[in-house]
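What follows is a single structure, written as structure tokens, with notes after it.
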Amino acid sequence: MANRFLIAPDFSPERFAGWHLLNNLLQKRANLAIHLNTPASHAEQEELIESGDIKIVYANPFDAAKMIREQGYRAIVRPVGKSNEMVVTSSVNSDIKTLDDVKAGMTIAMANNRDVKLIGMRLLEAVDLTENDVKFEIVDTYQAAARLLIQDKAQVAFFIAEVFAGLSNLTKSQLNILIQSDIATLTHVVLVKDDFADAEKLQEVLLSLDKDDDGKAVLKELGLESGFEVMSEEDAEFMIDLMETLLD
């Protein structure tokens, strides 16, 4: 029976092929049967995790915290130098030119990504706004969030910085970055279920991807050119503590 590998639904669409290439390479090099799951939304991800037979997850930091603390997963690696930064944006055609122009009562568009919402609201504290001061329009994809902004159905949008960078030039030309976060310790992370017997073998393969041309080509497709590094239990706990600090 194949081990199921779930990818968090907050990657750029242009990376889709890269995840399939990675999955094929992992199967070949670790000699494991691995079935890739790419849920289209956070709700679909939750359903798959709750099903109980997802052995490997590429998770965002917020979900990783819950999976480690409550759902029997542990961290093995994280991308090198790829922190989860996010941007707050407006439409270039709106009157919102700076963060100070964001006011109470405005609607914020975003995909269902809790760490982006968490960091975004921390950034809005600079203009004395809390979650109670704004409305959220939660959509399935970041592309849909961009459309709401362009169509003036929302005044502000939150994006993962890498996803924003991966939007089409036409879309980006219609959006204005108000602020970008700089929290270098929050990253996506590869988790494995505690009972996954081949965790060490999988970790070795992931850590070696930057050592040869085929591995480097896959990493480039994923935008993870520097590869992966070990994430210790201590590193994971530090990241979870930081998430909890941001939540307080």
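The values are calculated or read from the model by the stated rules, or taken from the named source; none is laboratory data. Everything quoted here is computed from the prediction, not taken from an experiment. Glycine gets a Cβ as well: all are built from the backbone with ideal geometry, and neighbour counts include every protein chain shown.
Restricting to the stretch 202-214, and then to whatever is under 17 Å from G81 (Cβ atoms) and touching a helix residue (DSSP H, G or I) at 6+ places or on another chain (Cβ under 9 Å), can you tell me which residue is surrounded by the most Cβ atoms within 10 Å (Cβ to Cβ)?
The extreme case among them is L206.
Looking at the structure I just gave you, is Q45 polar (S, T, N, Q), assigned to a helix (DSSP H, G or I) and buried (at least 19 other Cβ atoms within 10 Å of the Cβ)?
Yes, satisfied.
Kindly check whether there is at least one residue in the stretch 179-190 that is part of a strand (DSSP E or B), under 16 Å from the mean Cα position of the chain (by Cα) and among the aliphatic types (A, V, I, L, M).
Yes: one or more hits.
Go through (1) over 15 Å from the mean Cα position of the chain (by Cα); (2) outside the structural domain of A197 (by TED's automatic domain parsing); (3) surrounded by 16 or more Cβ atoms within 10 Å (Cβ to Cβ) one by one and return the number of the condition D128 breaks.
In the conditions (1) over 15 Å from the mean Cα position of the chain (by Cα); (2) outside the structural domain of A197 (by TED's automatic domain parsing); (3) surrounded by 16 or more Cβ atoms within 10 Å (Cβ to Cβ), D128 misses (3) alone.
Can you find a residue in the stretch 33-52 that is among the hydrophobic types (A, V, I, L, M, F, W, C), in contact (Cβ under 8 Å) with a residue 40 or more places away in the chain and closer than 16 Å to V189 by Cα?
Yes, the conditions are met somewhere in the stretch 33-52.
Out of (1) modelled with pLDDT of 95 or more; (2) surrounded by fewer than 17 Cβ atoms within 10 Å (Cβ to Cβ), what's the single condition that is false for T245?
(1)
At negative phi, modelled with pLDDT under 95 and in contact with a Lys or Arg (Cβ under 9 Å, 6 or more places away or on another chain): which single residue out of N31, N3 fits that description?
Just one listed residue meets the conditions, N3.
If you check D194 against the conditions, is it surrounded by fewer than 14 Cβ atoms within 10 Å (Cβ to Cβ) and more than 17 Å from the chain's Cα centre (by Cα)?
yes
Of all residues in the stretch 89-118, which are among the hydrophobic types (A, V, I, L, M, F, W, C), surrounded by fewer than 23 Cβ atoms within 10 Å (Cβ to Cβ) and within 19 Å of M243 (Cα to Cα)? Give the derivation first.
The initial filter retains those residues of the stretch 89-118 that are among the hydrophobic types (A, V, I, L, M, F, W, C), namely 92, 96, 99, 102, 104, 106, 108-111, 116, 118.
Adding the requirement that they be surrounded by fewer than 23 Cβ atoms within 10 Å (Cβ to Cβ) leaves 92, 96, 99, 102, 104, 106, 118.
Within the stretch 89-118, L118 is the sole residue that qualifies.
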